[in-house]
Amino acid sequence: MSGIVGICRRNGAPVERALLQSLVDFLAFRGPDSRTVWSDGAMGLGHAMLRTTHESLRERQPANLHERFWIAADARLDGRPELATEIARAGHGIPPGAPDSELILRAFVRWGTHCVDHLSGDFSFAVWDAHTKQLFCARDHFGIKPFYYAQVGDLFLFSNTLNCLRLHPDVSGEINETAIGDFLLSGLNCDSATTTFRDIRRLPPAHCLIFSAQGLQIRRYWTPPTGGRIQYAKADEYVEHFQALLQAAVADRVRTNRVGILLSGGLDSSSVAAVAKEESAKRAPNTEIQGYTHVYKSLIPDREGDYARETGEFLGIPGKYLTMDEVQLFQGWNDPELSWPEPVDNPLFAGFLDCSRIISRDCRVLLSGEGNDNLMDFQMWPYVKDLRGRGEWWRLLTELANYCWVRPFPWRGIRARVLGLIGKEPDQPVFPQWLDKDFARRLNLEERWKESRGLPMASATHPIHPRGYASLSLPHWTHMFEQENPGVTLCPVEVRYPFLDLRIVNYLLGVPSFPWTFEKMLLREAMAGRLPERVRVRPKTPLQGDPLSAQFQRTGTAQLDQMPWSPYSSRYIDRSALPTLHGKMDSQQMSVNLRPYCLNIWLQSARRVRYKLHAEAGNG
C-alpha cells in the first residue's frame, strides 16, 4: 500500500515544496521503494512507493500524461485486460505492462470523472487536470483503501494516511466529539464521512470528489445492485460461474512473486488458499505462498491450528503459527512510538501488531477470506416472498420442501424466543453509566446508541438477500480495513480480500438464496476435491473461548491500576462510575467496560504524536 499525499490551494498560492517533501518523508514506512514529489504552482503531489505487483516494478509516481494530467494513486485494479480493451476502443493505446496508476490516468482521459464507473479493485487516488485546475479524487467501492482529506480555508489537503494530515500546521488537532461518543458506545466511529479529528474527514467508500475554484463537490458513484436475478437451467452452472469468478478474483490479487494467506482453518480462508495455489501454478509457478495462522495453545481451547495445518499439507503451502497466548492487556500502552491514528477498541491489539511485523518480513501481499460470511448470510423467507411475488409457484413449493427436509431443528432459536418472552434475553447490551452526563446529554448519546444497534437503514433493500445487502453499508468494514492498513500497523503489508471482488459481490447478490447460500453450499460445492474433506464440510465454528476475558482472568487489573489518566478523559468519562472489572463478566461486558481505558491510552498518545510530528516537520 503506497503512501499518497497532495496539497492544493484554491487561492493560487504556491505549494511549499519543503513541506510537501516532509509529508512524503513521513510516509516512508508505507513506501520504502521510492519517494517523489511534484509541484506546479498551487498544486503538489507526493508518493511513497511500495511495489506489490509485477507491473509496478518500473512504476514511477506521481505520473503524468501530456504534462496535463497528473496522478498520485494507491491502487490495485481488477479486470485489467477488459479495462485496457475499453480504453483502446477510443484510440488510446495502452503500453504492455502498464501499471495500474497509468490505467487509471488513461481512463480519466477517456471518461473524465466518470472513469470510476469503469474501474474495479482497491484504489485511492487523485488526478489533477492542469488545464481546468480541477482535482478529482476517488475511493474504491468498499473502502479497502483509505482516503482522508482536510479543507481549511483555501487549502485542500489529502492523504491515505491520517497521521500524515496531522503533520500540516494548518490542520487543527481539535477532537470530533461525536466520533468519541460513537467509539465509547460501539467501539468505532459510525459515520463513514468523519474521523476522530474535527478538521480531517474521510471520503466514504464508493464516493468521489472534485475540488476546484468553485469549491468541493462529493458524490456517490456506486451502490450495491438490488435487481439482479441469476437463473440457470442446471445446478452445475451456478457452481461453474462462481468458480470462474473466484479464480479471476484471486488471480488479480496474486500478481506478485510472494504471497501470504491468513489461513484460519475455516472454509473461507482455506478456499482462498486453494485457488491461490492453483492460479499461481498456472500463471507464475515460482510464486511463493505462505500461510499464517493465529493460534492459542493454553489461553483458550483452540483447534484452528490443526485445521490450518491439514489444509496447508493438503495444498503444499508451508505455514507459520503465530501464538497469541502471551499478549498482555494494553501491552505497550506507554510506548513513546505508539501512534494509532484513532482509538482502538482492542486491549490485545499489540498482538496483532506483532503478527503484522512478522508477516511484513516475509511478504508484501496478504490474502484474507473476510467478506464471504456476510455475502452468504442465508435468509429463506425473503426468498420465498420473492418467488411468491413473481408467481413462481412450482419453484416455491419445490424449494420449500427441500429446505424443510435439510433444515436442522431450530433449538437455539426457540430458546432465544422463550428467554425474550420472559424478559431474560441473553447478551442484551446496556447503555454505559460511566459516560460523563453533560457529554452524553449534549450529544444525545442514548438516542444515538439505540439507533446504532442492528443493521443500517439503507435507501433501498434487497428482495432476496436483505441482511447481506444491508451489511455492506456497515461502518465496521472500513474500520477493519483501516486497522489492517499500514497507516495503523506501520508495516508495509497490503491485505487483499478476494471475496470482496466486485464481480463476486454482484454475483452473490443475484444467486437464489436456497440452496446456494444455505450453509455456504455454493462455496462447498466449488471446493469439492480441492480441500481436505474435513475442512470442506466443516460448519462455521467460532473460537471456543474469549481471549480478552481469559487474559483478564489470568493477569487481573494490574495494568489498569498502574495506568495514569489523561486530563482530557474527564470530558467524556465519569471515572467514579467505572465498574470494578471481574472475571465473571461476559465478553460483551468486558469489552464495553474496557473502552474508557482504550480511549484514555489514545488521548495520551494522540497529544504525544502531534507534538512529535510537528517537531519532525520543524527539523526537516
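The mean accessible area for residues of the chain, using a 1.4 Å probe and ignoring ligands and nucleic acids, is 43 Å² per residue.
If you average 1/r across every pair of different Cα atoms in segment 281-345 and take the reciprocal, what Kirkwood value do you get, in Å? Provide the component values of the computation, followed by the final result.
Details: mean 1/r = 0.0668 Å⁻¹.
In segment 281-345 this quantity evaluates to 15.0 Å.
FRET efficiency for the Lys282 to Arg441 pair, using the beta carbon distance and R₀ = 60 Å, is estimated at 0.45. Looking at Trp449, Thr489, Ile464, which one has the Cα that reaches farthest to the positive end of the dipole of segment 444-547 (charges on Cβ: Lys, Arg +1; Asp, Glu -1)? Going by the charge dipole, the pick is Ile464.
Once the other residues with Cβ under 13 Å from the Cβ of Pro463 are scored (Lys, Arg +1; Asp, Glu -1), what is the net sum? Intermediate results must be reported in sequence, preceding the final value.
Working: positive: Arg229, Lys385, Arg388, Arg390, Arg467; negative: Asp386, Glu392.
Neighbour charge sum, excluding Pro463 itself: +3.
Only one item in [x] 54, 32, 24; [y] 37, 34, 25; [z] 52, 25, 22 matches semi-axes √(5λ) of the Cα gyration tensor in Å derived from the coordinates shown, and that item is [y]. For segment 77-158, the share of accessible area belonging to carbon and sulfur comes to 50 percent (1.4 Å probe, ligands and nucleic acids excluded). Here segment 494-587 exposes an accessible surface that is 53 percent carbon and sulfur, computed with a 1.4 Å probe and the other protein chains kept in place. For segment 206-351, what proportion of DSSP beta bridges, expressed in % and rounded to the nearest 5, is antiparallel? Once the DSSP bridges in segment 206-351 are tallied, antiparallel ones form about 40 percent.
Over all directions, what mean area does the Cα convex hull of segment 461-540 project, stated in square nanometres? Don't skip to the end; give the middle numbers.
On the way: hull surface 28.1 nm².
That works out to 7.0 nm², a quarter of the Cα hull's surface.
When only alpha carbons are used to place a centre, segment 290-344 and segment 492-525 end up 25 Å from one another. Over all other residues within a Cβ to Cβ distance under 13 Å of Phe378, the charged ones net out to +1, with Lys and Arg as +1 and Asp and Glu as -1.
Could you sort out which of Lys234/Lys320; Lys437/Lys584; Lys145/Lys320; Lys320/Lys584; Lys234/Lys540 sit more than 30 Å apart by Cα distance in this structure? Cα-Cα > 30 Å for Lys234/Lys320; Lys320/Lys584; rest within.
Annotation for Thr541 and Ile230: the two label points, set 7 Å from Cα along the Cα-Cβ direction, are 2.9 nm apart. Neighbours of Ala276, meaning other residues whose beta-carbon lies under 14 angstrom from its beta-carbon, give a summed charge of +2 when Lys and Arg score +1 and Asp and Glu score -1. For segment 390-406, 3J(HN,Hα) computed residue by residue from phi via the Karplus equation (6.51, -1.76, 1.60; θ = phi - 60°) reads 8, x, 8, 5, 5, 5, 4, 5, 5, 5, 5, 4, 5, 5, 4, 6, 9 Hz, glycine and proline entered as x.
Note on Lys520: aspartates and glutamates with a C-alpha under 18 Å away, same-chain residues under 8 apart excluded, are Asp236, Glu237, Glu240, Asp268, Glu370, Asp373, Asp377, Glu399, Asp501, Glu533.
The values are calculated or read from the model by the stated rules, or taken from the named source; none is laboratory data. Nothing here was measured: the structure is a model prediction, and the numbers come from that model. Positions of Cβ are generated from backbone atoms using ideal geometry, with glycine treated the same way; all protein chains shown enter the neighbour counts. Accessible surface is based on the protein model in full, side chains and every heavy atom, while ligands, DNA and RNA are left aside. Shrake-Rupley method; radii C 1.70, N 1.55, O 1.52, S 1.80 Å.
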